[in-house]
Amino acid sequence: MSAPTRVLVIDDEKGLRDMLTHTFRRMSFEVGVAEDGEKGVAAALAGEFDVVVCDVMMPGMGGMAVLEILKRERPALEVILVSGFPTDESSTRARQLGAFEYLAKPYDLLALCAALEAAVVHKRERGRQ
């Protein structure tokens, strides 16, 4: 039996963290949370997560910096960035840094869940190669 998929949610908005935690647990994922970039990086590096869902705009370390560190330190970790202020430039930058997906807030929850499931499949397929 395979280990459960572990998702880390990094967002400074408690309501969003709680909603995503509830949603992802209903999808049978194990969920960790962090309220800022620094704590998110620490949690991601200390734990065995499969996918990170991270806000771009947070006080202190933002999502782009989190993405850059995580892809350098844990290249197999898939990262989905979400932004309340998306731009073509930030979307392009996120993809250059290795983001699996970049979604605008407010995002469609079904679209986020689909992106999460696609990231999990992608990570598993890469792991078999």
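Worth pointing out:
- Cut-off 12 Å between beta-carbons: net charge of the residues surrounding Ala115, Lys and Arg +1, Asp and Glu -1: -4
- Cα shape, the stretch 56-129, gyration tensor, a/c 1.5 rule: oblate
- Accessible area of the chain belonging to carbon and sulfur atoms, whole % at 1.4 Å probe: 55 percent
- Cα gyration tensor, the stretch 1-63 - rounded (a/c under 1.5), prolate or oblate: oblate
- Sum of side-chain charges, Arg6 neighbourhood, beta-carbon under 10 Å (Lys, Arg +1; Asp, Glu -1): -3
- Working from Cα pairs under 8 Å separated by at least six residues, relative contact order for the chain is 21 percent.
- Links that overshoot a 20 Å alpha carbon limit, given the list Lys71/Lys123; Lys39/Lys71; Lys14/Lys71: Lys14/Lys71
The values are calculated or read from the model by the stated rules, or taken from the named source; none is laboratory data. The structure displayed is predicted, hence computed values, not measured ones. Using ideal geometry, Cβ is built from the backbone for each residue, glycine included, and neighbour counts are taken over all protein chains shown. Protein only, heavy atoms only, side chains kept; ligands, DNA and RNA dropped before computing areas. Shrake-Rupley method; radii C 1.70, N 1.55, O 1.52, S 1.80 Å.
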